[in-house]
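What follows draws every value from the coordinates through simple rules; no lab data is involved. Here the structure is a predicted model, which is why all the values come from computation and not from measurement. Using ideal geometry, Cβ is built from the backbone for each residue, glycine included, and neighbour counts are taken over all protein chains shown.
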Amino acid sequence: MLKINNLHVKLEEEDKQILKGLSLEVPAGEVHAIMGPNGSGKSTLSYVLSGRDGYEVTGGEATLDGESLLDMEPEERAAAGLFLAFQYPVEIPGVGNMTFLRTAVNAQRKARGEEELSSGEFLKVVRAKAAELQISPEMLKRPVNVGFSGGEKKRNEILQMAMLEPRMCIMDETDSGLDVDAMRLVSEGVNALRSPDRSFLVITHYQRLLNHIQPDVVHIMSNGRIIKSGGPELALEVEENGYGDLLAEAG
Ligand code: ADP
Ligand code: MG
Ligand code: MG
């Protein structure tokens, strides 16, 4: 599924190396978590995988099902099955949530050479998935994320994910403002969408989030690379002792 090999990334603007040989593999059906001290490069990794401007890949590679992601345009990445949920969801005034979703779904189908969904077909699917996620028809009509509460934005993100049916979901959850309810939404969303041919990479500062999601593998990131990987117990170790021992061990 997702394979990252010896990835090196620097900022375009400054001569600053942020990812320094990061390697990671997430097999189909698994949920992996990345934890690590602030400034390790966790968000940079998710931005680079999404194709955001401002970063220069100076070495290494990232592939999804054997296809090189780093050469693709952002919409090609989505068509290949990559989904990125960001810590700060974009607000799009003037564009209804449903219209946005339909555009995203049809753009993905088009890039895959599939036929677009008719508005009737789309409505049927979006209503069913929204109901499952307890998203009201009213919220489907509002402009994308405008005036949404933190919890509503999270719900909406899970709805986008459910509609696009990605193979690989990357979620970057920072320490900023995920309250207990929002955390429960995220974990329930992930758990509901888990399947043998879908993988997740959940980036988080919260050990608590991982109590609900139960990752298969936990990776600890520091200074631009993965310094240790293990089972869920690694997250508990961080919760109890912080990163100090792990960083010292890694040298
Ligand atoms: P994390 O998500 O693990 O906290 P980040 O990926 O946000 O880490 O940042 C890694 C390092 O790169 C930090 O030192 C941060 O200050 C720096 N950095 C990231 N993006 C930029 C940018 N656009 N301009 C300047 N510094 C940046
Ligand atoms: Mg940070
Ligand atoms: Mg971050």
Relative to the longest principal Cα axis of the chain, at what angle does helix 180-193 sit, 0 to 90 degrees, rounded to 10? 80
Take the Cα radius of gyration of the chain and divide it by 2.2 N^0.38 Å, with N its residue count; two decimals is plenty. 1.01
Arranged from highest to lowest average of other beta-carbon atoms within 10 Å per residue, in what order do the peptides 122-132, 146-156 appear? 146-156, 122-132
Once you charge only the Cβ atoms, +1 for Lys and Arg and -1 for Asp and Glu, what is the size of the charge dipole of region 57-111 about its Cα centre, to the nearest 20 debye? 340
With only alpha-carbon pairs counted, each pair once and no self-pairs, how large is the Kirkwood hydrodynamic radius of region 161-236 in angstroms? 13.2
Can you tell me the 0 to 90 degree angle between the C-alpha axis of helix 150-164 and the longest principal axis of the chain, rounded to 10? 80
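Rounded to the nearest 20 debye, what is the charge dipole size of the chain about its Cα centre when +1 sits on each Lys and Arg Cβ and -1 on each Asp and Glu Cβ?
Details: 26 positive and 39 negative charges, 137 e Å.
For the chain, the charge dipole is close to 660 debye.
What pairs in Lys10/Lys110; Lys10/Lys228; Lys42/Lys154 have C-alpha atoms more than 24 Å from each other? Before the final figure, lay out the partial values.
On the way: Lys10/Lys110 33 Å; Lys10/Lys228 22 Å; Lys42/Lys154 20 Å.
Cα-Cα > 24 Å for Lys10/Lys110; rest within.
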Using only Cα atoms and rounding to the nearest 10 degrees, what angle (0 to 90) does helix 119-132 make with the longest principal axis of the chain? 50
Per DSSP helix of 4 or more residues, -39500 (n - 2.57); summed, then divided by the residues of the chain. What does that give at 222 nm, rounded to the nearest 500? -12000 deg cm²/dmol
With the cut-off at 1.5 for a/c, could you classify region 91-204 from its C-alpha gyration tensor as rounded, prolate or oblate? oblate
For Lys20, the aspartates and glutamates lying under 14 Å Cα to Cα, once residues fewer than eight places off in the same chain are dropped, come out as Glu56, Glu61
Among Asn211, His32, Asn156, flag the residue with its Cα farthest along the positive direction of the charge dipole of the chain, charges on Cβ as +1 for Lys/Arg and -1 for Asp/Glu. Asn156
